[in-house]
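Structure first, commentary second.
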Amino acid sequence: MDDAQPSGLSDPTDLARISARLDRTNELLTRVLAEVAKTPSTHAIFVDAGYVYAAAGLLVTGTEDRRSFDLDAEGLIEAFIDKARTIFADSRLLRVYWYDGARRRIHTTEQQSIAELPDVKVRLGNLNANNQQKGVDSLIRTDLESLARHRAISDAALVGGDEDLVSAVEAAQGYGARVHLWGIEAGDGRNQAEPLLWEVDSQRTFDLDFCKPYVTRRPVTTYEQENGPTPKREEVRFLGAQIAAKWLAERGRQELGELLPGRPYLPGPVDQELLVEAERMLQRSLRGHSDLRRSLRDGFWQHLQSQY
């Protein structure tokens with residue numbers, strides 16, 4: 001009985017065919033690896049503008065109130081880009097993401113100017129009646145996670161300090177991206193949440209010398225006490241109602257309605273904004289007139305309650 005010819009791998013023709021396929025596969029892998037080696041790493045910078053304004057303003061001018069100083073956003077963004085170019089020497093910049101708040105998510109003039117800068121994308125959350133940003137952290141997480149998932153970035157420089165950003169860091173790291181936390185020096189203590197510091201891959205802090213060229217205190221507008229007769233309480237009360245009506249038209253019922261549970265107290269930033277607006281309209285100071293300031297608030301609350 002003749003021995004049967006073994007089939008499969010013992011067939012010289014099959015062996016040659018398989019060998020040729022392996023050679024082609026190895027050649028293809030070699031080409032892919034060569035292309036990957038030539039492709040530069042990519043980084044992006046994610047800036048929480050609310051954190052930058054508060055931290056830089058406090059460090060340079062001693063106040064977090066954005067109305068008290070000017071921030072050269074263009075210059076600061078360029079400084080961040082230059083710093084990233086040094087740190088990520090073999091990497092290219094994808095873009096800078098600038099996250100800020102705006103009423104009804106409508107760009108302010110300043111935010112429009114920032115959005116027009118090359119390699120910069122402005123992303124807006126909402127700004128509530130207390131001048132607090134809402135939705136910014138979720139925007140950062142969405143962008144950071146999406147770019148990491150699609151391998152669009154290998155490194156992310158995150159300028160911020162809120163603990164809510166921890167989930168954004170974890171999401172990006174889960175897709176293999178490295179996240180580097182950048183912060184601004186705090187005069188006393190820390191201005192970045194410890195859980196955030198624990199999660200990132202590296203940390204860097206910018207000091208006063210770095211920030212000072214980009215923050216300028218605004219000149220304080222003062223009104224002379226002797227500029228005409230002292231206004232009467234009813235006049236100031238009516239002015240408070242006028243401002244409430246103006247804010248309702250500009251900011252919407254929902255945002256102003258958020259103030260009602262705190263009556264008769266206004267949050268500090270809102271109370272200061274009310275005072276500044278009243279002084280501008282009167283062209284005189286109300287500082288030192290506690291009775292008139294109470295009348296101003298009374299008129300503000302009276303009109304606000306009449307609308308709800």
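The table for this structure:
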| item | result |
| --- | --- |
| Pick from segment 165-203, criterion modelled with pLDDT of 90 or more and charged (D, E, K, R), ranking: surrounded by the fewest Cβ atoms within 10 Å (Cβ to Cβ) | Glu194 |
| The one condition in (1) in a loop (DSSP other than H, G, I, E, B); (2) under 17 Å from the mean Cα position of the chain (by Cα); (3) closer than 17 Å to Leu144 by Cβ that Gly176 fails to fulfil | (2) |
| Helices (runs of 4 or more DSSP H) contained entirely in segment 200-294, each with at least 1 residues that are among the aromatic types (Phe, Trp, Tyr) and at negative phi | 208-211, 233-251 |
| Residues located in segment 246-257, provided they are of a type outside the set (Lys, Arg), surrounded by 14 or more Cβ atoms within 10 Å (Cβ to Cβ), modelled with pLDDT under 85 and under 17 Å from Ala102 (Cα atoms) | Glu255, Leu256 |
| Cβ-Cβ under 8 Å pairs, at least 6 apart or on other chains, segment 27-42 side closer than 30 Å to Val96 by Cβ, far side at pLDDT 75 or above and open to solvent by 90 Å² or more (accessible area, probe 1.4 Å) | Pro40/Asp90; Pro40/Arg92; Ser41/Asp90; Ser41/Arg92; Thr42/Arg92 |
| Some residue of segment 74-89 being over 30 Å from Leu165 (Cα atoms), at pLDDT 75 or above, open to solvent by 30 Å² or more (accessible area, probe 1.4 Å) and of a type in the set (Val, Ile, Thr) | no |
| Selected residue (criterion: surrounded by the most Cβ atoms within 10 Å (Cβ to Cβ)) from residues of segment 92-114 that are in a helix (DSSP H, G or I) and out of contact with any Leu (no Cβ under 9 Å at 6 or more places or on another chain) | Ile114 |
| All positions within segment 39-73 that are open to solvent by 50 Å² or more (accessible area, probe 1.4 Å) and part of a helix (DSSP H, G or I) | Leu58, Arg66, Arg67 |
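The values are calculated or read from the model by the stated rules, or taken from the named source; none is laboratory data. What you see is a predicted model, and the numbers here were worked out from it, not measured in a lab. No Cβ is skipped: glycine too gets one built from the backbone with ideal geometry, and neighbour counts run over all protein chains shown. Side chains are part of the model used for accessible areas, which takes the heavy atoms of the whole protein and leaves out ligands, DNA and RNA. Shrake-Rupley method; radii C 1.70, N 1.55, O 1.52, S 1.80 Å.
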